[in-house]
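The values are calculated or read from the model by the stated rules, or taken from the named source; none is laboratory data. Remember, predicted model here, so these are calculated numbers, not experimental data. Note: ideal-geometry Cβ built from the backbone for every residue, glycine included; neighbour counts use all protein chains shown. In case anyone asks, the SASA skips ligands and DNA or RNA and just uses the protein heavy atoms, side chains included. Shrake-Rupley method; radii C 1.70, N 1.55, O 1.52, S 1.80 Å.
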Amino acid sequence: MKKYALEDELTKIKGIGPKSAALFEKLGVKRIEDLLYFYPSRYEEFEEPLPVRELQSGALKAVEVTLQGEPVFKRFKGRVMTTVIVGDVTGNIRAVWFNMPYISKTLKSAVHYVMRGNISAKGGMMEIIQPKLYSRQEYQLITGRLLPVYHLVKGLTNNAVTKAISAVIEDVEFPEDYLSLKERRELGVCSLTEALKTIHFPKNKDDVIKARKRLVFDELFTFSVKMQLLKSNDKEHKNGYVVSEKNSEGGSVLEEFKKSLPFELTKAQSLAVEKISKEMSGEATMNMLLQGDVGSGKTAVAAAAMYMAVKSGYQAALMAPTQVLAVQHYGKLSPMFEKLGIRTVLLNGGMSAAKKKEAAALIASHEADVIIGTNALIQGKVEYDKLALVITDEQHRFGVKQREALSLKGTEGEVLPHVLCMSATPIPRTLAIILYADMDICVLNELPAGRLPVKNAVVDPSYRPKAWNFIRNQISEGRQAYIVCPMIDENDTLELENVTQYVEDLRSTLPPSIRIDSLTGKMKPAQKDAVLEKFAAHETDILVSTTVIEVGIDVPNCTVMLIENAERFGLASLHQLRGRVGRGSNQSYCIFMSGKFDKDTMKRLEVMRNSNDGFKIAEEDLKMRGPGDFFGIRQSGEMDFKLADIYQDSEVLIKAAQKARELSEEELAEMSERFPIHFML
C-alpha cells in the first residue's frame, strides 16, 4: 500500500508543518495531488563548459577558468560590484558579481573553477554576470542534468519544493489513467504516471518533451470535453429572446442604427451586423464569437447588436475584463445611445456602495437599457429585467463559468439571452473552430477607413538613443508613447531591460518637462486603473510597462510603441502590444528592439516588420513553431493553460478535440468528473 493518497494534506509529508503548508497554499498547492500537478516553470541545464573564445553574448553558459588578476571592488548604482579577470588558454573574460563582496575570499589563484552565468559584451570585452562557482568535480557530477526550477513565493525555496515532490513521487497512488495502452500508442503519448514523474525529474530534454506532450494532451482534451459539454447544453437551452428586425413603423432597426453613426461601417462590419441580426431574430439562442484584429471596429458591431435588443424592449449588458476598459466603453457608448433615447449605466467594483446601489436599482426597474461593467455585473444581487443580450469583451480573459454566470442572469424559464463574445486575439481559423467549438465564428478582416498602417522597425540596442530622441520629437508634437520591458525589477542573472531602472534612465536623459509613469502587474487593480486613466487623459507622456498593457485601453493619441528585448515575446504577444498604437488618424510606429540577432530570432521579427495583419502573423507563427520547442517562447493571453500553447501544440489540440468529439454525452459527463480540478475551466 502506498504511503500517500492524492487527497492527503501536505502536512503528511515529513518536514512540512503548518507554516510551510501555508506558503505552498499561496501557490494553490494544498494537497498531494496539487503538488504533483505543480509543474516546474523551467529547468536549469548543465552543459559541458565552453572555451572562452566560443562564448557568445546573450547566452547562459559555463566556462572553466583560472584567475588572471586580483578582484576589484567599486560601487555601481548603489550596489557593490566585484570584478575579476579570469581566463583559459583561448582568452580572458571579466567575471562580475553584485552585492557579493565576500566572493573575493573564495577565489584563489591557480585553482580551476567552473563559472556558470549569463554572458554579455561590454566595453570591448566579454563578461560573465553573477556566475555561480563550482569545482571541476562538483560540475562533472551535474553535467548533462536538468534540474527543475519552480515558481515560488517569499519564504519558500526551490529546494523545499523539490524535496517535497521527491518525498511523494515514488510512494503515492497516482491518478488512474483514462487512456488505454492502445490509445496511448495511437496518440503517441506516455502514461500519466510516467509523465507526472518525468516532468519533475527528467534526465534530458527528450524526457521533458515526452512528459509535456502527455500533460498538454490532458489539458487540451479536458478543454475539448468542456467545450463539447457546453455545446450539448446549448442544444438543451436553445430558446432565446426574439429580437425584431423591424421598428414600430415597419422600418429596419439596423438601417436606423447605421444612419445614426457619424461614420460608415466597413463591409466586414456590415456583414457581421447582418449575421448577428439574423441570429437574434430567430428562436434559437445566438452564441457568437466576433473575432477581429485590433482596431477592426468590434465595438461598433456590438453597439448595433445592443441597439437591436433594446429596440425590442430588452436589456443588453457588456462585461469588460478591467475597470478602465469598462469606463472607456461607457464613455464611448453612453453619449451615442443617449442621442437615440437609450439610457446606459456603469457598474464596476471601483464605485462607491451608494453608486452601486443606485445602478442596481436602475437595472432592476429597467430604467437602464444598456449595462456596462466588469465582473461586478455577475456579483451580488444584481437583477436584470429581460436581459436579452450578453456581450463579453476580450472573452479569453474570462473563464467559461464567468461568461455562463452573466448569461444565466438573463434566464427566464427556458429562455436564455443571446451571447456575443469579442476577441482581438488573432487565432488561425483551423484552431479557432476547435477552441470555440460551442460558438459560431464571425471575423472582421478589414480596418475602418482613415486608419494608417503602423510603421515597423527591427533594431538592436545601439539604436536606443535614436529611439528615445524619436519619442521625444513625437511628444513635442503632442503625442504619447508606450515602452514595454520584459521585467519589473533588475535581475543580476538576466541581461534584460526592467521597468524600474528604465524609468530612472529615461528621467535622467529626457527633459524634466516630459511626464513619465510606470505600470506593472504587481500593482493593485486600483493603482493600475489610476495610472491608465492618467495616461488616457494625457497627464502622462510616456508609460513604461510590462505586458500588462497587452489588453489595455484605447488611446488614439499614443503613436509610438517601443518593445525592449522583443526576442523574449511570442509573435501573438508582440502583435497584441503593437495594437495599442495606430488607433487614431496620426501615423504610428512600433520599434522592436532585440538583444539577439540569430537566424531564428530575425526570421520571427521579420514577420512583425513586414505585416500588420494579425491573422497572417498567427498563421506564420503556427508554421514556425513546433511541438518540440519546449524551451522556446510561450505566447500569453490566449487561453489560461498551465503548459499548453495553442500555436506550439496545435497538432495535439486537433487530436484532443477529435477524441472529445468521439465521446457520447454520457461519456463526456463521466469524463469531466474524472479529471482533476487543475484542468477544469
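Quick one: length gained pulling residue 170 to residue 351 fully straight, 0.36 nm per residue minus the C-alpha distance? Let's see the in-between values first.
Working: separation 181, 0.36 × 181 = 65.16 nm, distance 5.21 nm.
Value of the extension gain: 60.0 nm.
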Original post:
When only C-alpha pairs under 8 Å and at least 6 residues apart count, what is the relative contact order of the chain, in percent?
Top reply: 13 percent
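Once R0 is set to 25 Å, what does the formula 1/(1 + (r/R0)^6) return for the Cβ-Cβ distance between residue 252 and residue 334, expressed as a FRET efficiency to the nearest 0.05? If you can, show how the numbers build up before the last one.
On the way: r = 24 Å, r/R0 = 0.97.
E(calc), rounded to 0.05, equals 0.55.
Considering only DSSP beta bridges with both partners in the chain, what is the antiparallel share in %, to the nearest 5? The partial results should precede the final answer.
Numbers: 38 of 94 bridges.
Antiparallel bridges make up about 40 percent of those DSSP assigns within the chain.
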Original post:
Helix 599-610: angle to the longest alpha-carbon principal axis of the chain, degrees 0 to 90, nearest 10?
Top reply: 30 degrees
**OP:** Compute the acute angle (0 to 90°) between the alpha-carbon long axis of helix 158-169 and the principal axis of greatest extent of the alpha-carbon atoms of the chain; round to the nearest 10°.
**Re:** 80 degrees
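How large is the convex hull of the Cα atoms of region 229-361 per residue, expressed in Å³ as a whole number?
Values: hull volume 19.7 nm³, N = 133.
So the per-residue hull volume is 148 Å³.
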Subject >> Vicinal HN-Hα couplings computed from phi for region 538-543 (Karplus, 6.51 cos²θ - 1.76 cosθ + 1.60; Hz; Gly/Pro x) >> reply: 6, 8, 10, 9, 10, 10
**OP:** Find how many whole Å separate the alpha carbon centroid of region 297-335 from the alpha carbon centroid of region 61-89.
**Re:** 60 Å
Subject >> Residues of type lysines that residue 381 reaches as a straight line, Cα spacing below 25 Å, ignoring anything fewer than 8 places off in the same chain >> reply: 355, 356, 357, 401, 409
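Using a 1.4 angstrom probe on heavy atoms only, work out the carbon and sulfur share of the accessible area of region 115-226 in %. Could you put the intermediate results ahead of the total?
Working: 2670 of 5280 Å².
Reported share for carbon and sulfur atoms: 51 percent.
Taking Rh as the Kirkwood radius, which is the inverse of the mean 1/r over Cα pairs, what is the Rg/Rh value for region 227-304?
On the way: Rg = 14.5 Å, Rh = 14.1 Å.
Rounded to two decimals, Rg over Rh is 1.03.
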Original post:
Using modelled amide H (1.01 Å from N, peptide plane; none on Pro or chain starts), what sits under 5 Å from the amide H of residue 583, excluding residues fewer than 5 places away?
Top reply: none
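Any idea what diffusion coefficient the chain gets from Stokes-Einstein, in µm²/s, Kirkwood Rh on alpha carbon pairs, 10 °C, 1.306 mPa s?
Estimated diffusion coefficient is 57 µm²/s.
Of all GluC sites (Glu not before Pro) in region 273-319, which ones are in loop regions per DSSP and have a Cβ with at most 12 other Cβ atoms within 10 Å?
Working: sites: 274, 279, 283; in loops: 283.
Within region 273-319, the qualifying GluC sites (Glu not before Pro) (loop, at most 12 other Cβ atoms within 10 Å) are 283.
Taking loop as defined by DSSP and a crowding limit of 12 other beta carbons within 10 Å, which chymotrypsin sites (Phe, Trp or Tyr not before Pro) in region 185-282 fit? Could the numbers behind the result be given before it?
Working: sites: 217, 221, 223, 241, 257, 263; in loops: 241, 263.
Passing both the DSSP loop test and the Cβ count: 263.
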Original post:
Can you give the accessible area of residue 100, probe radius 1.4 Å, in Å² rounded to 10?
Top reply: 40 Å²
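Solvent-accessible area per residue for the chain at a 1.4 Å probe radius, Å²? Intermediate results must be reported in sequence, preceding the final value.
On the way: 31390 Å² over 681 residues.
Roughly 46 Å² per residue, with all protein chains present.
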Subject >> Non-local Lys pairs in region 1-145, i.e. 8 or more apart or on different chains, that have alpha carbons under 12 Å apart >> reply: 4
Original post:
What are the trypsin sites (Lys or Arg not before Pro) within region 152-251 that DSSP puts in a loop, where the Cβ has at most 15 other Cβ atoms within 10 Å?
Top reply: 154, 203, 238
Original post:
At a Förster distance of 60 Å, what's the computed FRET efficiency of residue 106 paired with residue 183, Cβ-Cβ distance as r, to 0.05?
Top reply: 0.65
Original post:
Can you give the net charge of the other residues whose Cβ lies under 15 Å from the Cβ of residue 69, counting K and R as +1 and D and E as -1?
Top reply: 0
Original post:
Which of the lysines could be linked to residue 616 by a straight reach, that is with a Cα gap under 25 Å, when you skip same-chain ones fewer than 8 residues away?
Top reply: 267, 275, 298, 455, 596, 599, 603, 655
